[in-house]
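Written below as structure tokens is the structure these notes are about.
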Amino acid sequence: MIMEKIIDIIFSGLSMGAIYALVALGFVLIFKSTGILNFAQGELCMVGAFICYYFATLLNVPYLISILMAIALGAMLGALIDVLIFRRLVGEPIYATIMVTIGLASILVALTGLIWGHDTYSIRSPFIGKTIVAGKMVFAQASLATIVVSIVLFILFIVFFNRSLLGVALKGTAEDSDTAGLMGINVKKMHMLAWTIGALVAGVAGIFLAEQSFVHTGMSHTGIKAMSAAILGGMESLGGAIIGGIIVGVVESFAASYLSGLEMGGFHFGDIKDVAAFAIMILVLMIRPHGIFGKKEVERV
Amino acid sequence: MLKVTNLETTYNDIILALKGISIEVSPEKIVAILGANGAGKTTTINAISGIRKTINLEVEDGTIEFDGEILNDKEPYEIVTRGILQVPEGRRIFAELTIAENLMIGAYSLQNRGHFQTNKEMVFNYFPILSERTRQLAGYLSGGEQQMLAIARALVANPKLIMMDEPSLGLAPMIVQEIFEIIRRINHERDMTILLVEQNAHMALAIAHYGYILENGRVVMEGSSKKLRQDKDIREFYLGLSESGGRKSFREVKHYKRRKRWLS
Ligand SMILES: Nc1ncnc2c1ncn2[C@@H]1O[C@H](COP(=O)(O)OP(=O)(O)O)[C@@H](O)[C@H]1O
Ligand SMILES: [Mg+2]
């Protein structure tokens, strides 16, 4: 009984963790490649969910096509943001670029609200409400799909960044863009690629999040949690972002399960769920300021 | 092949780093640019490579011409597609990537990916030590090995012209000997055209065909290596040799440095 409860908690933690991991992955990728801390990462996630909702629920387009449209348009939005805004800001002070991403985040929320409204909607997904029963355990199909697709995506990313010329070139640009240019890499194109991939994974995460809950402009808050996941993971490697995301998701799930409904003298301990991610981030950073997997720099001889 | 004419550049719109220099590199030759720290050597090859925006460098006057095409306004990656690769000062290998990945990026500009494997084998032939450690992070290589990787990374693209910025920098004399011998072999065996920037005039003139002496952003002397090696001033100022052929004492060198400033 207790075992099953724990499996259930871990399962739902993993399905949320996968979402944080995807968003965090884009966050780290954009930061490592272009030096910009994108505070609008959660908003890109929200836009992806709204586009999917628009096609699937409002236009009644088949679900798979809606998902593909949302991912493609989300990725294009990322590329567009780079070309219109951040291409000109590479190398500018970080406080300036951070403010621009915060401004962009507000604009994206406002525009989304303008087009689709600020209410709460649900996506017309074939997974919603469906479950898979395994023995005494019941798993939501939407959560299962999130976990499986995320694992596939993570593997694809690892292969892309370690095997493909484009992926390795992107890593090289992230480490030293001047030298990458000297090797014939078009650095601007690489920055655009980083934004495209970063927005793409955020869009995927947004769709998963919509499947597990609802579509509304407030869902962009996921971005802040994903950011703490990325920082927890060290802001260095994509692996760190993934593990950071999973840690945040699972901790949150345990906090939600064991603390919800717990009330003591007017304190609602269930509320801790929403700050659990930040609590562990603060704790970890106090002990390891560079995150769990972060390092100052590769030792040079 | 490469023809730089009256090149004048500024940093941040004010500091005049090159005051109208002219340099020519003929095919299949090693041409050396020699000069003390701050003479403008790195500025010269960065201008050729198109590295401008990120270091606030601007070409004010003159032309950079390669195979008949003016390259003044090209981006770094466009310069590379023309066949000019740089081995930057301080090596600048990708420390967080493996040796294999460094070479992969070096060959980024290859039009025909099918040539990557053969080029890699050719490079490993010059630097066998790299072939044994392809999966290691480049950051863990020793200084000399990093310099070898930096040269290999340019060579693997099979360029028309390689520009090397102080390959001897910070390396022990034995390693410098070894690396310069490889540079000489690359030129000799592969007819590779090389523009070699050096403070170490002694080593550079031993393998170069032709040389330029740069001082304060100006070419103050040029000629065949043989001629430069025999020039009295160069023997004194850059090779540290006195009339009698022996090494000059530190005090005498200092004395000549004072005179050099007056000369320029
Ligand atoms: N990024 C820069 N900004 C301003 N001045 C620079 C910069 N880089 C080099 N300089 C100046 O330009 C001159 C030439 O420098 P450089 O080309 O690096 O010389 P070298 O490579 O021969 O040592 C020096 O006076 C140096 O101080
Ligand atoms: Mg220099």
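The values are calculated or read from the model by the stated rules, or taken from the named source; none is laboratory data. All values derive from a computational prediction rather than experimental measurement. Heads up, the Cβs are rebuilt from the backbone with ideal geometry, glycines too, and the neighbour counts pull from every protein chain shown. Note: areas computed on protein heavy atoms with side chains; ligands, DNA, RNA excluded. Shrake-Rupley method; radii C 1.70, N 1.55, O 1.52, S 1.80 Å.
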Original post:
Which ones in the range B:4-41 are near ligand 1 (Cβ under 9 Å from one of its atoms) and surrounded by fewer than 16 Cβ atoms within 10 Å (Cβ to Cβ)?
Top reply: B:TYR11, B:ASN12, B:ILE14, B:ILE15, B:LEU16, B:ASN37, B:GLY38
**OP:** Give the number of residues within the range B:7-36 that are hydrophobic (A, V, I, L, M, F, W, C) and away from ligand 2 (no atom under 15 Å from the Cβ).
**Re:** 7
**OP:** Output the residues belonging to the range A:275-291 that are under 16 Å from A:ILE246 (Cα atoms) and not aromatic (Phe, Trp, Tyr).
**Re:** A:VAL275, A:ALA276, A:ALA277, A:ALA279, A:ILE280, A:MET281, A:VAL284, A:GLY291
Original post:
Residues of the range B:49-73 being more than 11 Å from every other protein chain (Cβ to nearest Cβ) and open to solvent by less than 50 Å² (accessible area, probe 1.4 Å), which ones?
Top reply: B:LEU57, B:VAL59, B:GLY62, B:THR63, B:ILE64, B:PHE66, B:LEU71, B:ASN72
Original post:
So which pairs qualify, if the first residue must be in the range B:37-49 and in a helix (DSSP H, G or I) and near ligand 2 (Cβ under 9 Å from one of its atoms), the second must be open to solvent by less than 20 Å² (accessible area, probe 1.4 Å) and of a type in the set (Ser, Thr, Tyr), the Cβ gap must be under 7 Å, and the two must be at least 6 apart or on different chains?
Top reply: B:THR43/B:THR9
**OP:** Quick one: which strands (runs of 3 or more DSSP E) lie wholly within the range B:138-222 and hold at least 1 residues that are surrounded by fewer than 21 Cβ atoms within 10 Å (Cβ to Cβ) and within 16 Å of ligand 2 (Cβ to nearest atom)?
**Re:** B:210-215
Original post:
Taking the range B:76-120 as the search range and keeping residues that are surrounded by fewer than 17 Cβ atoms within 10 Å (Cβ to Cβ) and either on the phi > 0 side of the Ramachandran plot or in contact with a Gly (Cβ under 8 Å, 6 or more places away or on another chain) (or both), which one is nearest to the other protein chains (Cβ to nearest Cβ)?
Top reply: B:THR81
Subject >> the range A:153-181 residues that are surrounded by 16 or more Cβ atoms within 10 Å (Cβ to Cβ), paired with ones that are among the acidic types (Asp, Glu) (beta carbon under 7 Å, 6 or more apart) >> reply: A:VAL168/B:GLU101; A:GLU175/B:GLU96
Subject >> In the range A:62-94, the residues that are modelled with pLDDT of 95 or more and of a type in the set (Val, Ile, Thr) >> reply: A:ILE65, A:ILE67, A:ILE71, A:ILE81, A:VAL83, A:ILE85
Original post:
For the range A:255-276, which residues satisfy the criterion of being in a helix (DSSP H, G or I) and either buried (at least 16 other Cβ atoms within 10 Å of the Cβ) or in contact with a Lys or Arg (Cβ under 9 Å, 6 or more places away or on another chain) (or both)?
Top reply: A:ALA255, A:ALA256, A:SER257, A:LEU259, A:GLY270, A:ILE272, A:LYS273, A:ASP274, A:ALA276
Original post:
If you go through the range B:117-132 one residue at a time, do you hit one that is in contact (Cβ under 8 Å) with a residue 40 or more places away in the chain and under 17 Å from the mean Cα position of the chain (by Cα)?
Top reply: no
**OP:** Could you please find all residues in the range A:216-251 being at pLDDT 90 or above and of a type in the set (D, E, K, R)?
**Re:** A:LYS225
Subject >> Residue that is farthest from the chain's Cα centre (by Cα), among those in the range A:1-46 that are open to solvent by 40 Å² or more (accessible area, probe 1.4 Å) and among the β-branched types (Val, Ile, Thr) >> reply: A:ILE2
Subject >> Enumerated helices (runs of 4 or more DSSP H) restricted to the range A:172-248, each holding at least 1 residues that are acidic (Asp, Glu) and within 14 Å of chain B (Cβ to nearest Cβ) >> reply: A:177-182
**OP:** Quick one: in the range A:154-171, of everything that is more than 9 Å from chain B (Cβ to nearest Cβ) and small (Gly, Ala, Ser), which residue is nearest to the chain's Cα centre (by Cα)?
**Re:** A:GLY167
Original post:
Which of (1) among the hydroxyl-bearing types (Ser, Thr, Tyr); (2) touching a strand residue (DSSP E or B) at 6+ places or on another chain (Cβ under 8 Å); (3) more than 16 Å from ligand 1 (Cβ to nearest atom) does B:THR44 not meet, given it meets every other one?
Top reply: (3)
**OP:** Name the residue, out of A:ILE115, A:ILE132, that is modelled with pLDDT under 95 and more than 13 Å from chain B (Cβ to nearest Cβ).
**Re:** A:ILE132
Subject >> Sole exception among (1) modelled with pLDDT of 95 or more; (2) part of a helix (DSSP H, G or I); (3) facing chain B (nearest Cβ under 8 Å) for A:ILE151, by number >> reply: (3)
Original post:
Has the range B:65-82 got any residue that is assigned to a helix (DSSP H, G or I), more than 22 Å from B:GLY144 (Cβ to Cβ) and within 16 Å of ligand 2 (Cβ to nearest atom)?
Top reply: no
